[in-house]
Amino acid sequence: HSGLDKHLDAVLSVDELGVYKPDPRVYQLAVDRLGVDKTNIGFVTANYWDLSGAKAYGLNVFWINRNAVPADNLETVPDAVLQTLISLPAHLS
């Protein structure tokens with residue numbers, strides 16, 4: 001209902017790889033499937049722990065923090081913290 005579908009080129013799943021995050025092959029799947037440089041890919045997650053692998057791989061990371069919870073105690077920080085998905089398009093170029 002957010003209208004984000006017009007901004008998405010694909011929705012990918014690790015099921016076809018048989019490996020899971022933070023395995024770098026998961027993020028490489030996006031690079032290969034989309035045919036773009038990893039710096040042009042946005043990784044969106046509502047789980048703070050989930051952003052570490054994507055950020056380490058070199059993706060742009062957006063943390064959806066709907067309830068304004070404190071960030072996990074990790075060295076990784078997202079490129080942007082958003083309260084809702086509706087605000088994501090403003091961060092895409």
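The values are calculated or read from the model by the stated rules, or taken from the named source; none is laboratory data. Source: prediction; values computed, not measured. No Cβ is skipped: glycine too gets one built from the backbone with ideal geometry, and neighbour counts run over all protein chains shown. Calculation scope for accessible area: heavy atoms of the full protein, side chains included, ligands and nucleic acids excluded. Shrake-Rupley method; radii C 1.70, N 1.55, O 1.52, S 1.80 Å.
Structure summary
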{"read-out": "Subset of segment 52-76 [farther than 19 Å from Y20 by Cβ and over 12 Å from the mean Cα position of the chain (by Cα)]", "value": "N65, R66, N67, A68, V69, P70, A71, N73, E75"}
{"read-out": "Residue count for segment 45-89, restricted to those that are open to solvent by 20 Å² or more (accessible area, probe 1.4 Å), closer than 19 Å to V11 by Cβ and at pLDDT 95 or above", "value": "2"}
{"read-out": "Residues located in segment 1-44, provided they are surrounded by 13 or more Cβ atoms within 10 Å (Cβ to Cβ) and of a type in the set (D, E)", "value": "D23"}
{"read-out": "Cβ-Cβ under 8 Å pairs, at least 6 apart or on other chains, segment 75-93 side free of Cβ contacts under 8 Å to residues at least 24 places away in the same chain, far side part of a loop (DSSP other than H, G, I, E, B) and open to solvent by less than 30 Å² (accessible area, probe 1.4 Å)", "value": "V81/N65; L82/N65; Q83/N65"}
{"read-out": "Check on A90, of a type in the set (G, A, S) and within 12 Å of the chain's Cα centre (by Cα)", "value": "no"}
